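Okay, structure first, notes after.
The values are calculated or read from the model by the stated rules, or taken from the named source; none is laboratory data. Small disclaimer: the values here were computed from a predicted structure and weren't measured. Heads up, the Cβs are rebuilt from the backbone with ideal geometry, glycines too, and the neighbour counts pull from every protein chain shown. With ligands, DNA and RNA removed, areas are computed over all heavy atoms of the protein, side chains included. Shrake-Rupley method; radii C 1.70, N 1.55, O 1.52, S 1.80 Å.
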Amino acid sequence: MATLEQRAGNAANEIDERFGSANFVKRSARKIFPDHWSFMLGEIALYSFIILLLTGTFLTLWFTPSQGEVVYEGSYVPLHGLTMSEAYASTLRISFDVRGGLIIRQIHHWAALIFAASMFVHASRVFFTGAFRKPRETNWLIGVGLITLTIIEGLLGYSLPDDLLSGTGFRIAEGVLLAIPLVGTYLSFFLFGGEFPGEDLIPRIYTMHVLLLPGIFLALITAHLMLVWYQKHTQYPGPGRTEKNTVGYPFFPVYTAKAGGFFFIVFGVTTLLSAFATINPIWLFGPYTPTQVTAGSQPDFYMGFLEGVLRLFPNWEIQAWGFTLPLNVLIPTLVIPGLLFTSMALYPMIERWVTGDNSEHHVLDRPRNVPTRTGLGVMAITTWLILLAAGANDVIAITFHLSINAITWFFRIAIFVVPPIAYVVTKRICLGLQRRDRDLVLHGRETGRIVRLPNGEMIEVHEPISETERYKLTAHQVPEPIQLEPSTDTNGIPRRRVLASKMRARASRFYFEDRVPPPTPSDTHELESSGHH
Amino acid sequence: MHEHEHEHEPMHDQPPSHRHGSTRTFVRLLTTPLRALSRRRRSRFAPLVLLLLGLAITGGAYAAVAPPPQAEASTGVASASIKEGRQLYLKNCSSCHGLNAEGTSDGPSLVGVGAAAVDFQVGTGRMPARQDGPQIQRKRVEFTQDEINAMAAYVASLGPGPAVPDKEQLDYADADAAEGGAIYRTNCSMCHNFAGKGGALSRGKYAPSLDGVSPKHIYEAMLTGPQSMPVFGDGTMPPEDKKAIIKYLKITEQEASPGGASLGKIGPVTEGAVGWLVGLGALIACAVWLGAKAR
């Protein structure tokens, strides 16, 4: 009778003889990953995606992607006898007549919100710690692509049940398409198969929602993870951590256990939320009919900032030669989001150009040590939050008994005023924190112990911080702004591209002008030789 | 049909009930005085008389063609009640609406608003109004139903208007809730929200929440169109439709939320907030906890 180990060994050997997998497993199992809670934010997104695939598959078993009209005869009485699309009727069936259907639907929708939210948070972590720097720009781009796709995928999922909010959402989408000059009408007719809403929309977006986009998601997520694996994970600064190593724990057994456990935590939290809180009560919205609309029509939060731009933008239109160019739709829904996403995607390249930093980075920045970037990030988040709030201006008005017009005007002004203030305040806080760090290294920690010297002088004893801490606080470098090159080279020949170098010098000054350099070894040495302060 | 013996008499002296007639009568009415006038063509008063005649004829024709007032508001109400209502009116309402309900700069005329308007406005506490603002709000009711009825009777006696719906009009037991929902979504939800939770209107005005509003008051609101609300008279929205709407609202108001906490039934805004603060919040807390475990 062979022992368990022997049997397992034999089985592994059988596999290895056929696939030569031992080498791969050995390398992979020993792959080292650094440990930090903030590295698990992206995992939340990954696990929510798996939950979405599982619950989504369940929903497809009963959902009918059709706009064919039926008379509802299911068990939800307040809709009994109404004419509605098969899509809406089958979603009602899932909610009320399929066992476990409602909670699976709610898990699917809550998981979608958590998926999108965790991506925003994960992207923020990557941004503020500078994890997007060389060599990881490609992965940043993939991430931006994934966020963009999430917004589209979410809109499609929101529209599939064909309830009153679904249709209202696509009514706006129709308006956006129609606003595009020259080809708008054609695009709209292509999408809807004729006039809105037509009968083709639901089947079409169903295929996109359950097949096309998930396929692209899977491909991009795989590429995203392979790049993390191949380029290795970044790590926070600390003793022994350099640009050439990775300090952490092996993939097996530490992270297999941790990641596996965390998956169940994510699934568990999502399920609990779905068990206790309603999401998207489509039976209250009613079936979509183009003649109906409801107060409080809002998109899910990931679309909220787009709704906000649309609600804030002034009512500008150009009318000429019998045509209308609706700038009030075109700019807020296509131009501004395009600019926002492009600048987000290009940020790593822009920062590299400004700093002239072409070296590889595997050790992360502490956000305070890069005040300008941190300030810009907070500025972007502030903008996003203002737009999100503006998208809910009617809900704010009714909840707090305010005038919707006043709120809209407040946000119209705030969108220009508040983000720059957020930038300046954040940058000042970062610089202050850096000065505090510097102080801590040079003077140690205040102990609160007051000692009276023989000559009567009272001093507070400062305790030097540990070596580890001191390393963390002094490991980073603070670059100097790039100096403007002279307009002629050493031979007196005028340089080319003077304008570009001027712009770059100016941008570099913007980034690095305010700096708090960390104490140098000679500074700290002085401290040690003179005893504490 | 009554013939007009004294054709030169001013028409407005005649009671409205005498003013129906065929085209022939109209032609006669028009031509006879003109013939009489033509004898003294140059009179200074001719234009004036013509004008008065024109007005009288137009008014008479309108009265003849227009349908009779829908509700006879004052039927069955004792004049004592009207008197009492007038006393209450003078004490509590007249400072804004005028001593004869003719309206002032502070409040509109109440002639012809009907008993339903009084019952709604006073019965929901909106009247007497507390303060100026974008909109007069629902608040504690300050009168007993008897007092409200008396004031309603007084206002109804001033001119015909919609009456307070009776028991039969409010009996929505047999109404079709699903159809009511469809009518509600077509006519009401754009302001009051899909679940009757209310919604914002321009400049601080709002469509109030319909939660806990009695069927009678919902009915009266549709009849009278208070504040920003349009009037849904029985001509545009038959009583059966009103009943259906009320039934739909009452059923959905009372039904248990099948999916757990309803989150206010105001759409995706609260869902987003819960998703971030509760869902993602809990997960980040777990991540921090797991991260701390490793050390």
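Working out 0.36 nm times the residue gap between A:Y471 and A:T207, then minus their Cα-Cα distance, what length gain in nm do you get to one decimal?
Full extension from A:Y471 to A:T207 adds 89.6 nm.
What number, in percent, do you get for the relative contact order of segment A:28-290 if the mean sequence gap of Cα pairs under 8 Å and at least 6 apart is divided by its residue count?
Worked out over segment A:28-290, it gives 33 percent.
Quick one, could you list the DSSP H helices from chain A stretching 20 Å or more along their long axis (Cα atoms) with average Kyte-Doolittle hydropathy of 1.0 or above?
Helices passing the filter in chain A: A:41-60, A:101-128, A:137-159, A:164-179, A:213-231, A:256-276, A:371-391.
Would you please classify the overall shape of segment B:79-158 from the alpha carbon gyration tensor, given that a ≥ b ≥ c denote the square roots of the eigenvalues, rounded means a/c under 1.5, and beyond that prolate means a/b larger than b/c while oblate covers the rest?
oblate
What shape does segment A:272-428 have by the C-alpha gyration tensor, where a ≥ b ≥ c are the square roots of the eigenvalues, rounded means a/c under 1.5, and otherwise prolate means a/b greater than b/c and oblate the rest?
Numbers: a/c = 1.95, a/b = 1.49, b/c = 1.31.
Taking the square roots of the gyration eigenvalues as a ≥ b ≥ c, segment A:272-428 is prolate.
Which trypsin sites (Lys or Arg not before Pro) does segment A:455-503 hold that lie in a coil by DSSP with at most 12 other beta carbons within 10 Å?
Taking segment A:455-503 and a limit of 12 other Cβ atoms within 10 Å, the loop trypsin sites (Lys or Arg not before Pro) found are A:R495, A:R496, A:R497.
Quickly work out the A:V335-to-B:A80 label distance, labels modelled 7 Å from Cα along the C-beta direction, and quote it in nm with one decimal.
So the two model labels end up 7.5 nm from each other.
So how far, in whole Å, is the C-alpha centre of segment A:487-528 from the one of segment B:229-288?
59 Å
Please list the non-local residues whose amide H lies under 5 Å from the amide H of B:Y206, H modeled 1.01 Å from N, same-chain partners needing a gap of 5 or more.
Amide H to amide H, under 5 Å and 5 or more residues apart or across chains, B:Y206 pairs with B:L201.
From Cα pairs below 8 angstrom and at least 6 apart in sequence, can you work out the relative contact order of segment B:97-142, rounded to a whole percent? Present the calculation step by step, with values, prior to reporting the outcome.
Numbers: 41 pairs, mean separation 11.1, N = 46.
In percent, rounded to a whole number, it is 24.
Once phi is turned into θ = phi - 60°, what whole-Hz ³J(HN,Hα) does the Karplus curve with 6.51, -1.76 and 1.60 give for every residue of segment B:166-181, x standing for Gly and Pro?
8, 4, 5, 5, 9, 7, 9, 4, 8, 6, 8, 5, 4, 5, x, x
Can you give the FRET efficiency for A:E360 and A:V418, using 1/(1 + (r/R0)^6), R0 = 41 Å, r = Cβ-Cβ distance, to the nearest 0.05?
The calculated FRET efficiency here is 0.65.
In nm, give the distance between the simple-model label positions of A:W353 and A:A223, each being 7 Å from the Cα along the Cα-to-Cβ direction.
In this crude spin-label approximation the distance works out to 2.3 nm.
Are there chymotrypsin sites (Phe, Trp or Tyr not before Pro) in segment A:320-422 that DSSP marks as loop and that have at most 16 other Cβ atoms within 10 Å, and which are they?
Those satisfying the criteria are A:W321.
First select every other residue whose beta carbon is under 12 angstrom from the beta carbon of A:R449; then total the charges, Lys and Arg +1, Asp and Glu -1.
Net charge around A:R449: -1.
Work from the charge dipole of segment A:55-150 (Cβ charges, +1 for Lys and Arg, -1 for Asp and Glu, about the Cα centre) and give the residue of A:F127, A:T60, A:Q106 farthest towards its positive end.
A:F127
Taking loop as defined by DSSP and a crowding limit of 16 other beta carbons within 10 Å, which GluC sites (Glu not before Pro) in segment A:313-392 fit?
Answer by residue number: A:E317, A:E360.
Please give the FRET efficiency for B:K205 paired with A:Q483, using the beta carbon to beta carbon distance and R0 = 60 Å, rounded to the nearest 0.05.
For R0 = 60 Å, the calculated efficiency reads 0.50.
I need the phi-derived Karplus couplings for segment B:84-95: 6.51 cos²θ - 1.76 cosθ + 1.60, θ = phi - 60°, integer Hz, Gly and Pro marked x.
5, x, 5, 4, 4, 4, 4, 6, 10, 10, 5, 5
Kindly compute the accessible surface that chains B and A hide from a 1.4 Å probe when together, both sides summed, and give it to the nearest 100 Å².
Buried: approximately 4600 Å² between A and B.
Can you give me the long-range amide H partners of A:A277? Hydrogens built in the peptide plane at 1.01 Å from N, cutoff under 5 Å, separation of 5 or more residues or another chain.
Sorted by chain and number, the residues that satisfy this are B:A261.
What is the sum of charges around A:E43, taking Lys and Arg as +1, Asp and Glu as -1, for the other residues whose C-beta is under 12 Å from the C-beta of A:E43?
+2
What is the set of long-range amide H partners of B:G198 at a cut-off below 5 Å, with H atoms built 1.01 Å from backbone N?
Here the answer is B:N193, B:L210, since their amide H atoms fall under 5 Å of that of B:G198.
Quantify how strongly other chains surround peptide A:387-393 by giving the mean number of their Cβ atoms within 10 Å of each of its Cβ atoms.
2
So if each residue of separation counts as 0.36 nm, and I subtract the Cα-Cα distance between B:N100 and B:D174, what length gain in nm does that give?
Contour length minus Cα-Cα distance gives 22.5 nm.
Once you list every other residue whose beta carbon is under 13 Å from the beta carbon of B:A200, what net charge do they have if Lys and Arg are +1 and Asp and Glu are -1?
Every neighbour counted, the sum reads +3.
Leaving ligands, DNA and RNA out of it, report the carbon-plus-sulfur percent of the accessible area of the protein assembly as shown at a 1.4 Å probe. Write down the numbers at each step before the final one.
Values: 27360 of 43880 Å².
The C+S portion of the solvent-accessible surface of the protein assembly as shown is 62 percent.
Do you know the relative contact order of chain A, to the nearest whole percent, from alpha carbon pairs under 8 angstrom that are 6+ apart? Intermediate results must be reported in sequence, preceding the final value.
Numbers: 658 pairs, mean separation 86.1, N = 533.
Normalised by residue count, the contact order of chain A is 16 percent.
For an R0 of 56 angstrom, estimate the FRET efficiency from the Cβ-Cβ distance between A:R435 and A:H401 and round to the nearest 0.05.
The formula returns an efficiency of 0.80 here.
Between A:T447 and A:E17, what is 0.36 nm times their sequence separation minus the Cα-Cα distance? Round to one decimal in nm.
Gain on extension, A:T447 to A:E17, equals 148.4 nm.
Using a 1.4 Å probe on the protein heavy atoms only, what accessible surface does A:R373 show? Give it in Å² to the nearest 10.
Rounded to the nearest 10, the figure is 0 Å².
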